[in-house]
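Below is one structure, written out as structure tokens; the observations come after it.
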Amino acid sequence: MPVLINPSILGADLLHLSDELRALKEGGADYIHFDVMDGRFVPEISFGELLLREVRAFSDIPTDVHLMVTESERHLDSFIRAGASRITVHVEAAEDLSGILDTLEQAGVLSGISVNPETPVVSVFPYLDRVDSILVMTVHPGFGGQHFMEESLPRIRTLREEIVRKGSRTRIAVDGGINTETALLARKAGADTFVSGTFVFRNGPETVIRKLRELLEDPQVE
Ligand code: DX5
Ligand code: ZN
């Protein structure tokens, strides 16, 4: 399964977003990771459907919407309409995960379930046969620029073991504090999808995405 590199535009220069999106294209980003924060599930408010629409109109890179909001069910339709390619909801913020997966499946949108650092990964095991990816938070959600939590590594391993045991095609994504070093640790533990904001945008997406991909696709890592 090829590695995916999904830069988070929370780390971008929002006043020059069109230049940043061009740089992501140039670097070969697989998805644009789009962090939606509501000031309730996490302390801050980021951006929503309006900006997603603009991003979709400008760039043909698929979008990976990460909903850090309470009552995720209420927001699905508007993000589907705004052109999300994948929508990830938090296991801690959804009452009816099965219903959410049904809605996404019917809309032809890829699905994701995210788990916070303090939530046991077994909470997502029942959904591994039908969810496209599990987003393991490697920081406490809510802010860019935090340090990768090494305690995440055994969690990623446990999840990978279960995915292998079930013969499932579910991806494991990591989000928070991802740079060359931490991406490699996560890759060795079993992650295949890498969200990175600060590191990618501080170092020039045109070159850094390619470098990350070369490093992570190295077969010795498998
Ligand atoms: C954190 C967000 C992340 C964030 C990652 O709550 O979900 O996607 O943008 O940013 P960095 O790579 O700076 O940790
Ligand atoms: Zn995110």
> Are there any pairs with C-beta distances below 7 angstrom linking a residue in region 143-161 that is of a type in the set (Val, Ile, Thr) to a residue that is in a helix (DSSP H, G or I) and surrounded by 16 or more Cβ atoms within 10 Å (Cβ to Cβ), with the two at least 6 apart or on different chains, and if so which?
Replying inline: Ile156/Ala186; Ile156/Ala189; Thr158/Val121
>> Step by step: first the residues of region 192-215, then only those that are among the small types (Gly, Ala, Ser) and within 14 Å of ligand 2 (Cβ to nearest atom), then the one that is nearest to Ala12 (Cα to Cα). Which residue is that?
In response: Gly197
> Does Arg81 satisfy the criteria of being touching a Gly at 6+ places or on another chain (Cβ under 6 Å) and either closer than 22 Å to Pro7 by Cα or away from ligand 1 (no atom under 16 Å from the Cβ) (or both)?
Replying inline: no
>> Given the criterion free of Cβ contacts under 8 Å to residues at least 60 places away in the same chain, closer than 17 Å to Ile32 by Cα, open to solvent by less than 10 Å² (accessible area, probe 1.4 Å) and within 12 Å of ligand 1 (Cβ to nearest atom), identify the matching residue among Val200, Val174.
In response: Val174
> Within region 33-62, restricting attention to residues that are away from ligand 1 (no atom under 15 Å from the Cβ) and open to solvent by less than 50 Å² (accessible area, probe 1.4 Å), which residue is nearest to the chain's Cα centre (by Cα)?
Replying inline: Pro62
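The values are calculated or read from the model by the stated rules, or taken from the named source; none is laboratory data. Just so you know, these numbers come straight off a predicted model, no measurement behind them. Every residue, glycine among them, receives a Cβ derived from its backbone with ideal geometry; neighbour counts consider all protein chains shown. We work out accessible area using only protein heavy atoms, side chains counted, and drop any ligands, DNA or RNA first. Shrake-Rupley method; radii C 1.70, N 1.55, O 1.52, S 1.80 Å.
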